[in-house]
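Note sheet for the following structure.
The values are calculated or read from the model by the stated rules, or taken from the named source; none is laboratory data. No experiment lies behind these values; they were computed from the predicted model shown. Positions of Cβ are backbone-derived with ideal geometry, glycine not excepted, and every protein chain shown enters the neighbour counts.
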Amino acid sequence: MQSTILTDTRERRVLIGKKFNYELPYPILMIDDNLELHQMTIEHKEELFLLIDNNRNHLRKWLPWVDDIKSVLDEENFIKSTLNDYSQGRGIHYEIVYDGQIVGNIGLNWIDYNNRSCGVGYWLAEKYTGNGIITKCCKRLMKHCFYDLNFHRFVLEVAVNNTPSIKVANRLGMRLEGKSLDREWLYDHFTDSFLYAITIVEIN
Ligand SMILES: CC(C)(COP(=O)(O)OP(=O)(O)OC[C@H]1O[C@@H](n2cnc3c(N)ncnc32)[C@H](O)[C@@H]1OP(=O)(O)O)[C@@H](O)C(=O)NCCC(=O)NCCS
């Protein structure tokens, strides 16, 4: 399962026309010597719960599910649901492993195999922000989607005031396609969101 990085535009266009295989995302993606993505596993339920529990205020600002994870059992149930989604080809959630520690999550919240499209989501423990970790992880996942899985379109939805995440979209060269009003309910208010996307022919 080696990844193929295509640089030639002509080759990319051939890939677009290629018969599409329904291949699931790979469970492990290597990024560099100290950064890897591993599919979320129930074995790490306590570590994952503690990471969320220690970062509630940071995560709650932009993520709507934080209050639903009140115990290790809640996290275990969440992980089980992600594994079930994976087996049905609906998405994947990865642990971000940095220097051997789980420091956050990234994943495909949805996959639309019929249209060869997917939507990314991510978060990082506060103390690991500011180092480019999410940008690297997102770039690796995007390339995996395009070059290994033959997806065509990679989407990110981000709240209009979430500047750190908007910067990630910009660093990845994603295009702003529009603004959705009242897109997400965040505990006590709706927030508008921007829709960013990139297709395989746009990446360089
Ligand atoms: C969104 C979130 C993951 C972004 O984290 P982040 O650390 O800003 O993003 P990155 O890991 O890509 O790091 C980028 C920062 O590292 C710096 N950096 C250092 N080395 C870098 C490198 N080699 N490459 C890119 N950036 C680098 C950048 O300058 C940038 O800092 P800046 O914001 O001061 O400009 C984080 O804020 C978070 O978890 N927020 C809460 C949850 C959330 O909002 N999730 C997204 C919902 S859409």
Selection from the range 87-104 of residues that are out of contact with any Asp or Glu (no Cβ under 7 Å at 6 or more places or on another chain), touching a residue at least 12 places away in the same chain (Cβ under 8 Å) and not in a loop (DSSP other than H, G, I, E, B): Ile92, His93, Tyr94, Glu95, Ile96, Tyr98, Val103, Gly104
Filtered residue count, the range 117-127, keeping only those that are more than 7 Å from the ligand (Cβ to nearest atom) and in contact with a strand residue (DSSP E or B) (Cβ under 7 Å, 6 or more places away or on another chain): 5
Residue satisfying condition, being free of Cβ contacts under 8 Å to residues at least 24 places away in the same chain, in a helix (DSSP H, G or I) and on the phi < 0 side of the Ramachandran plot, within set Asn131, Asn84: Asn84
Residue in the range 71-79 that is hydroxyl-bearing (Ser, Thr, Tyr) and within 18 Å of the chain's Cα centre (by Cα) present: no
Qualifying residue in the range 142-149 (condition: within 7 Å of the ligand (Cβ to nearest atom) and either hydroxyl-bearing (Ser, Thr, Tyr) or assigned to a strand (DSSP E or B) (or both)): no
Failed item in (1) in contact (Cβ under 8 Å) with a residue 12 or more places away in the chain; (2) surrounded by 18 or more Cβ atoms within 10 Å (Cβ to Cβ); (3) closer than 17 Å to Tyr26 by Cβ; (4) out of contact with any His (no Cβ under 6 Å at 6 or more places or on another chain), with Ile79 passing the rest: (3)
Gly107 vs. criteria part of a strand (DSSP E or B), of a type in the set (Gly, Ala, Ser), within 13 Å of the chain's Cα centre (by Cα) and away from the ligand (no atom under 11 Å from the Cβ): yes
Per-region count, the range 168-188, residues over 25 Å from Gly130 (Cα atoms) and out of contact with any strand residue (DSSP E or B) (no Cβ under 9 Å at 6 or more places or on another chain): 2
Single unsatisfied condition, Asn114 versus (1) part of a helix (DSSP H, G or I); (2) within 18 Å of the chain's Cα centre (by Cα); (3) over 21 Å from Ile31 (Cα atoms); (4) away from the ligand (no atom under 16 Å from the Cβ): (2)
From the options Ile166, Ile134, residue that is under 13 Å from the mean Cα position of the chain (by Cα), within 10 Å of the ligand (Cβ to nearest atom) and either more than 24 Å from Ile79 (Cα to Cα) or modelled with pLDDT of 95 or more (or both): Ile134
Any hit, the range 83-91, residues being crowded, with 16+ Cβ neighbours inside 10 Å and in contact with a Gly (Cβ under 7 Å, 6 or more places away or on another chain): yes
Inter-residue pairs, beta-carbon under 9 Å, first closer than 14 Å to Gly104 by Cβ and in the range 59-70, second within 14 Å of the ligand (Cβ to nearest atom) and among the small types (Gly, Ala, Ser), 6+ apart: Leu59/Ala125; Trp62/Ala159; Trp62/Ser165; Leu63/Gly121
Residues located in the range 181-204, provided they are surrounded by 14 or more Cβ atoms within 10 Å (Cβ to Cβ) and over 21 Å from Leu141 (Cα atoms): Arg183, Glu184, Leu186, Thr191, Ser193
